[in-house]
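In what follows, a structure is listed as structure tokens, so that the remarks can point back to it.
The values are calculated or read from the model by the stated rules, or taken from the named source; none is laboratory data. Keep in mind that what you see is a predicted model, and the values were worked out from it rather than measured. Here the Cβ positions follow ideal geometry from the backbone for every residue, glycine too, while neighbour counts run over all protein chains shown. Side chains are part of the model used for accessible areas, which takes the heavy atoms of the whole protein and leaves out ligands, DNA and RNA. Shrake-Rupley method; radii C 1.70, N 1.55, O 1.52, S 1.80 Å.
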Amino acid sequence: MPELPEVEVTRRGIAPHVEGRIVTGLVLRRSGLRWPFPPGLPALLAGRRIEATGRRGKYLLLHFAHGTLIIHLGMSGHLRMLAPGVPPQKHDHVDLELGEQVMRFTDPRRFGAVLWHAADDGDVGQHLLLRGLGAEPLGHGDLAGLLHRQSRTRSAAIKQVLLAGDIVVGVGNIYACESLFMAGIHPNTAARRISLPRYRKLADAIQRVLAAAIEQGGSSLRDFIGADGASGYFQQSYFVYDREDQPCRQCGTAVRRIVQGQRSTFYCVRCQK
Ligand SMILES: [Zn+2]
């Protein structure tokens, strides 16, 4: 599943190909994906210029003067830039035509979304799907303070609080496991019992692990421009994630797996307290 780093790498990948370009056509090969496509969307976009790209959590944003196209990659979606005339395959549901290039949205499992937020309806951050999102972790000036303040009433495990995404977005299962390991925090610790100094370590770990994933993905950018795009998702080397029974890279103790909220959590009993 694409996580925040994949979405950010996708944004950086498409940005030079779409920003400033005029939409010459929009081809929708179904009536919708997770939700129906907005009615009249092709006419709404035709002839309009993409002013900028953006991202909020895992939502990609294409800003126009009259509104914002919101794209979610769902469970299995990806975007590619292609030359016009490349025949669509079975799961190629949307083509955004931009003159000499096409941005194609492929989504085998169809959990993705293409939505529209009109400028007349106010800031896109107030869209129903975006307004409940937590803070962006990258570039946040006081992530530790935010986590500390907003967790004082949260007795749930810190791992669950991170995954909930209402304090900070983008810390999916992999990144939660990895950053808790890097910060030396046991994933079952009640969020409200974690001190500010420990949240400083956690915030630093979250920012480092996400930045590293983006950097690694950025180095393979050319792979998703015009390639077959079978998988643009990153395979990284992890400290604990998906390493049950393997030795901790720090102390050699076998990595343990527990289930929290139906998701696997991997951690080291010795390094994480
Ligand atoms: Zn260890």
Accessible surface of the chain [probe 1.4 Å, protein heavy atoms]: carbon and sulfur percent: 49
Positive-pole candidate from Pro87, Gln272, Gly54, dipole of the chain, charges at beta carbon: Gln272
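How many lysine pairs does the chain hold where the Cα atoms are under 27 Å apart and the two sit 8 or more places apart or on different chains? Walk me through the numbers before you get to the answer.
Values: Lys58/Lys90; Lys58/Lys159; Lys58/Lys201; Lys159/Lys201; Lys159/Lys273; Lys201/Lys273.
For the chain, qualifying lysine pairs total 6.
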Volume per residue that the Cα convex hull of the chain spans, once the total is divided by residue count, Å³: 132
Most to least accessible of Glu3, Glu244 (protein chains only, probe 1.4 Å): Glu244, Glu3
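Which whole number of Å³ per residue matches the convex hull of the alpha-carbon atoms in the range 52-116?
On the way: hull volume 5.3 nm³, N = 65.
About 82 Å³ per residue, rounded to a whole number.
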Å² of accessible area per residue within the chain, as computed with a 1.4 Å probe and no ligands counted: 46
Span-like helix ranges in the chain, DSSP H, alpha carbon extent 18 angstrom or more, Kyte mean at least -0.5: 4-18, 196-218
Taking the convex hull of Cα positions in the range 1-115, its mean projected area over all directions (nm²): 6.2
Sum of side-chain charges, Arg154 neighbourhood, beta-carbon under 13 Å (Lys, Arg +1; Asp, Glu -1): +4
Given charges at beta-carbon only (K, R positive; D, E negative), |dipole| of the chain in Debye: 1120
